[in-house]
Amino acid sequence: MRGTTVVLAEPGRIDYQEFEAVAPPPGGILMRMVRANVCGSEIHILKGHHPLVRPGCVLGHEGVGVVEALGDGVDSDFTGAPLAVGDRIVATYFQACRRCPECNNGTPHICRNAYTLWGTPAAEAPHFNGTFGTFCAIGPNQAVFKVPDSVTSTAVSSANCALSQVYFGCELGEVSLGQKVVVLGAGGLGVCASAVASRMGAEVFVAEMAPARLDKALEFGAHHGIDLSQAEDSAGRVELIREATAGSADVVIDLTGVPDGFTEAVRSTRAGGIMVSIGNISPNRFTEFDPGLFTRSGAQIRAAIRYPGATLGRAVRFIADTPELDWGHLVDKDFAFDDIGSALEAAESRSVTRAGIVIDPSL
């Protein structure tokens, strides 16, 4: 049984390659992909900015599929729900090896071996290490959850990155009733953060340089939109945020992926508040920072890279429990599997909130 996967040929260029789909190892699963999405991180990877996912590796980490084959010992998901061939599932795109110091210190989301599969060249078995492919190999140390029948594949396709990531970010930021929460960035993660933070009882402000993206965040629970394009510079953007929140943003969640956004997020956080850094994932990109001002503010900076595996299960349940939100509409444009280049271009231009890739229309 052969399949096709998308490989980063070199920075800025992708390639479709065919391989034989191998049987999953004990504890693993072979997933036939139904849909995938283009996360903002994919654009950084495409440009060669990821420290581990390099040319020769596959692309794609967000999506949903069905069980094609179960490895020995696998008969249920991570909640104990029975699994069988044909069941729809979502899985973490990273692993927690349970053997490194980070895992054993109670922080499996920063497992030093998290990208063992994703960072393996596609030429090496099991070949299908990403979601931009007809198959995806799920290893024994990845968390897997069955999708409820009430949740569509389009709706759940963003669960294993966008929603889970900001769900963890809101928990890490200790978002609670009555707080003012600023979300920097109104892409897929920003829309999901609006939904989660508002349902935690916060007053949510979403700030964005592309104002056309604000409407969807407002649809998903944000109470206020801040058009940062009105400002002339970094200081002006911070001032707009501070004016909108009366200078008292309890939590600021940076989803921008822009180094200067990190500094602006810290400066927008009230004294004693919490800034959660999520969007800036590419090393060796820098921004000016005033450590004295930061120290005097008493603010905290917390990094949310990936998330604990159980968070994905809570994200799936969150989608199921909020049918009033049009989760399927989060993916606002679909592309064919053979047109992933256009999906990547749409995501980079920010002309869409989430670009979807339909891999198997029959499922």
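The values are calculated or read from the model by the stated rules, or taken from the named source; none is laboratory data. Only a predicted model underlies this, so the values are computations on that prediction, with no experimental measurement involved. Note that we place each Cβ from the backbone using ideal geometry, even for glycine, and neighbour counts take in every protein chain shown. Quick note on the areas: whole protein, heavy atoms, side chains included, nothing else; ligands and nucleic acids left out. Shrake-Rupley method; radii C 1.70, N 1.55, O 1.52, S 1.80 Å.
Averaging the Cα positions of each part gives two centres, and for segment 310-363 and segment 197-231 these lie 19 Å apart. Taken about its Cα centre, the chain carries a charge dipole of roughly 800 debye when the Cβ of each Lys and Arg holds +1 and the Cβ of each Asp and Glu holds -1. The H on the amide N of Ile226, modeled in the peptide plane, is under 5 Å from the matching H of Val206, Ala207, Glu208, each at least 5 residues off or on a different chain.
If each DSSP helix of 4+ residues adds -39,500 (n - 2.57) and the sum is divided by the residues in the chain, what number results at 222 nm, nearest 500 deg cm²/dmol? Could the numbers behind the result be given before it?
Working: 11 runs with 93 residues, N = 363.
Taking each H run of at least 4 residues, the total per residue is -7000 deg cm²/dmol.
The C-alpha atoms of the chain define a longest principal axis, and helix 259-268 lies at about 50 degrees to it. Glu208 exposes around 10 Å² of accessible area when a 1.4 Å probe is run over every protein chain in place.
About the centre of its Cα atoms, segment 50-100 shows a dipole size close to 340 debye [charges on the beta carbon of Lys, Arg (+1) and Asp, Glu (-1) only; nearest 20 debye].
Between Thr295 and Glu20, the simple spin-label model (points 7 angstrom out along Cα→Cβ) gives 6.2 nm.
So, in Å, what gap is there between the alpha-carbon centers of segment 233-275 and segment 51-95? If you average the Cα positions of each part, the centres end up 36 Å apart.
Rounded to the nearest 10 degrees, what's the angle between the helix 340-349 long axis and the longest principal axis of the chain, both from Cα atoms, 0 to 90? So the inclination is approximately 10 degrees. Here's the picture: a label point sits 7 Å out from the Cα of Arg285 along the beta-carbon direction, and within segment 332-348 the residues with their amide nitrogen under 17 Å of it are 344-348. Compared with the dominant Cα axis of the chain, that is its longest principal axis, helix 309-321 is turned about 80°. Taking amide H as placed 1.01 Å from N in the peptide plane, the amide H of Thr353 sits under 5 Å from that of Asp332, each at least 5 places away or on another chain.
Ranked by the mean number of other Cβ atoms within 10 Å per residue, highest first, peptides 66-73, 347-354, 136-143 order as 136-143, 347-354, 66-73. Relative to the current alpha-carbon distance between Gln230 and Leu363, full extension at 0.36 nm per residue lengthens the span by 43.4 nm.
Applying both filters, DSSP loop and at most 12 other Cβ atoms within 10 Å, to the trypsin sites (Lys or Arg not before Pro) of segment 45-109 gives Arg98, Arg99.
Please label the shape of segment 6-136 as rounded, prolate or oblate, based on the square roots a ≥ b ≥ c of the eigenvalues of the alpha-carbon gyration tensor (a/c under 1.5 means rounded; beyond that, a/b larger than b/c means prolate, else oblate).
On the way: a/c = 1.80, a/b = 1.21, b/c = 1.49.
Here segment 6-136 falls in the oblate category.
Of the cross-linked pairs Lys47/Lys333; Lys146/Lys333; Lys180/Lys333, those separated by over 27 Å at the C-alpha level are Lys180/Lys333.
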